[in-house]
Each structure stands twice: as structure tokens, then as C-alpha cells.
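Written below as C-alpha cells is the structure these notes are about.
Read-outs: derived from the displayed coordinates by stated rules, not from any lab. In this text the structure is predicted, and so the values were computed from the model without any measurement. Cβ atoms come from the backbone with ideal geometry, glycine included; neighbour counts cover every protein chain shown.
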Amino acid sequence: MSGSPGVLDRARELVDPAIAAALGGLGHELRAPAEYHFSGRGKGTRPALAILSAEVVGAPPATGVPGAVAIEMIHDFSLIHDDIIDNDVERRHRPTVWAKFGTGVGVVVGDALHALAFELLLSDPSPPRVRAAKSLAGAVAAMIAGQSMDMAFEERSDVALEECLAMEQGKTGALLSFASSVGAMLAEADDAVIDGLAEYGDHLGLAFQAVDDLLGIWGDPERTGKPAGADLRERKKSVPVVIALNSGTPAAEELAQLYARSHLPAAELDAARALVEAGGGRDETQALARTHYRKAVSALDSVAQNGEVVGEAVEEMRLLAEFIVGRDF
């Protein structure tokens, strides 16, 4: 899609000063690399969802700010650590934190952001803040479990699509589910609305990750900020790859032979990319993204039937989902 939803800019205006203030409380050794990382942030989808989820239930957007800051801290802690695990030296056209400051610094900065997320939520130990912190802890546990599965898959040749989707639901869906409901949680909205928003985020997370998997193989580095074919290079068992490996086609056999190697050299990336497409990985992953987008919208439609919610904010959530799933690949 050519233009981004206005809520992304609106959320940045609310959330960025709070993030800057939080980072300012870190010691100098941590603050410099943390501020470096945040100066190259992405679109801010998760904070925008947190703000919108407060507005959906009629609360002021500021109600969602503590949840928005917390989810962004957790998301960025995971990115910093993922870059170390994946040995990625570039993110968004710049050196990653570990590549610029060292592996040890990257680990500790990520740890600091993880702790800071909960410190911020619990700085006011009110019942809705405590509930949000408990929900975030569950989402982080699911994300870590998903990351662990992702790493384990690299050494396996028999990953089923159901396993891959379970991994991605944990790794991505859990945090987006939290982001999509935390504003309503902080506003002490009805549980039915909170649950509906969480379901929207859960399906949005699967759609988001499916598109991300496509970008990891076919994305333009100028748009993604990461080297072309990074996921193939590291032999990631992403959804398109798993679909192709389980396709029962000649392409599946050839792809399995390539993935049996310890590392794919650059010269083999185009061949691997073509084999994933020949095995149906690209088309079926696109279909999967559309399916979960529709399920996310269906969950929103259910929320919209509640007479207490604000229709304009629900529509903004729908547009944000369309933007996420419509990213170019």
C-alpha cells in the first residue's frame, strides 16, 4: 500500500516522548546503544494498536500509552536478541546493535528493555496495570517459546505446517494480541471486548508473520532494510519453506537437499527461492495471510456489535490490518 494509516503518526506523537523519557533513565552504558536502536525504529504498528484499543472503548488515547511503551520495549528487546541469534549485521539499512557495540552489549541492552517494560507498567500498581503486566508476561513467555521452536526447527527436516504456525503464533501473534487489547485492558473495559480485540490481534499476528515470511524471501532490501534472502541464507523454516518442503513435489526434494547443508551460499539463494515458489510456498502463504486477515476483521466485526465501542476507532483498526497485510512483497 502506498500510504500509511494516520494512526501511526498519531501514536508516535504520544508514545515517542514516553519512550525517550524511559530510555533517559538508563545508565550511560546502556542508554547510548538503546537510543541508537530506537532511532532506527520501524513503523510503530504495536504502539498504534495499543492506542487504538483504548480509543475503541471510548477512553482517551493517553490511557493506552503505558501499554504502548511496554509493548514497544518488549518488541525491540526481541529484535536486538534476534539479530544476535541470526547473526544479522544490518537492520533497516544500519548496523544492528550487536554489530555496532558488541554482542555482550546487545544482550544486556535487550535485557534492560525487557525489565523496563514491566517497570513502566508497574510504576502504578493499580489493578488494570497489574492485569496488563500479567498479560504481557504471558505474551513474552509465548514469544520466547516461539523463538525456541524457531531455533530448533533449523536442525530438523520434518517440520509440519501446524508446528510452524504454532511457532509463529507464539513468536508474533501473542505480542500483537496483547498490543491490540492492552488499551482496553487499561481502560477497564468489558472482558468480552478485551477478548475480541485480543482475538483480532492473534489473527493479525499470523497474517503479519506470513507476510513477513514472504518479505524474508522475496522482499526488496531497500524496503525491508535486511539483506535479500536472509531467511533462506540461515535456512529458516518459515511458512513458505515449510509448505514447499511438505508439497510432495520434485521441488520439495531439491529444496530439502539444499536445506540439508549447514549454510546456503549467496550463489544458491536464487535456486532456493525458485524452489520454494515451485513448491507452492509463495501462493499458499499469501492465501494464509488473507485467511487470517479475514478472521481478524471478523473478530473486529464482533467487537463492533457492542454498543459501548467507538465505530471510528474500530474502522481505524480495520485499516491498520489492511495496511499490514498489504505490505509489498
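Distance from the alpha carbon centroid of the range 218-282 to that of the range 145-159 works out to 16 angstrom. A cut-off of 5 Å between modelled amide H atoms, ignoring neighbours fewer than 5 places along the same chain, links R91 with T96. Put a dot 7 Å past the Cα of R294, heading toward its Cβ, do the same for E312, and the two dots end up 3.1 nm apart.
A cut-off under 10 angstrom between Cβ atoms defines the neighbours of K236, and their net charge, with Lys, Arg +1 and Asp, Glu -1, is -3. The angle between the Cα long axis of helix 6-24 and the main principal axis of the chain comes to about 80°, on a 0 to 90 degree scale. Taking θ as phi - 60° and the Karplus parameters 6.51, -1.76 and 1.60, the scalar couplings of the range 234-244 work out to 8, 6, 5, 8, 7, 4, x, 5, 5, 4, 5 Hz in sequence order, x denoting glycine and proline.
Candidates I217, A99, A274 compared by Cα position along the dipole of the chain: farthest toward the positive end lies A99, with charges placed on Cβ.
Ordered from longest to shortest, the equivalent ellipsoid semi-axes for the range 153-247 are 30, 16, 9 Å, each the square root of 5 times a Cα gyration tensor eigenvalue. Note that the range 31-37 has calculated 3J(HN,Hα) couplings of 5, 4, x, 5, 5, 4, 4 Hz, one per residue in order, obtained from phi through the Karplus relation 6.51 cos²θ - 1.76 cosθ + 1.60 (θ = phi - 60°); glycine and proline are x. Can you tell which of G27, A70, V241 lies farthest toward the positive end of the dipole of the chain, using +1 and -1 charges on the Cβ of basic and acidic side chains (Lys, Arg; Asp, Glu)? The listed residue farthest towards the positive side: G27.
Report the net charge of residues surrounding R129, where surrounding means a beta-carbon distance below 14 angstrom and charges are Lys +1, Arg +1, Asp -1, Glu -1.
Counting the neighbours of R129, the net charge comes to -1.
So what is the 222 nm mean residue ellipticity for the chain from helices alone, if each DSSP H run of at least 4 adds -39500 (n - 2.57) and you divide by all residues, rounding to the nearest 500 deg cm²/dmol?
-23500 deg cm²/dmol
Normalised by the number of residues in the range 160-237, the mean separation of alpha-carbon contacts (under 8 Å, six or more apart) gives a relative contact order of 29 percent.
Given the Cα atoms of the chain, and with Rh set as the inverse mean 1/r over their pairs in the Kirkwood sense, what is Rg to Rh to two decimals?
Ratio of gyration radius to Kirkwood radius for the chain: 0.97.
Starting from one equal scatterer on each C-alpha and no solvent at all, send me the Debye-based log10 I(q)/I(0) for the range 231-305 at q = 0.12 Å⁻¹, two decimals. One equal scatterer on each Cα of the range 231-305 leads to -0.40.
The slack in the chain from A137 to S39, taken as 0.36 nm per residue of separation less the alpha-carbon distance, amounts to 32.7 nm. Relative contact order, whole percent, for the chain stands at 20, derived from Cα pairs under 8 Å and 6 or more residues apart.
Near F38, once Lys and Arg are set to +1 and Asp and Glu to -1 for all other residues with Cβ below 15 Å from its Cβ, the sum equals +4.
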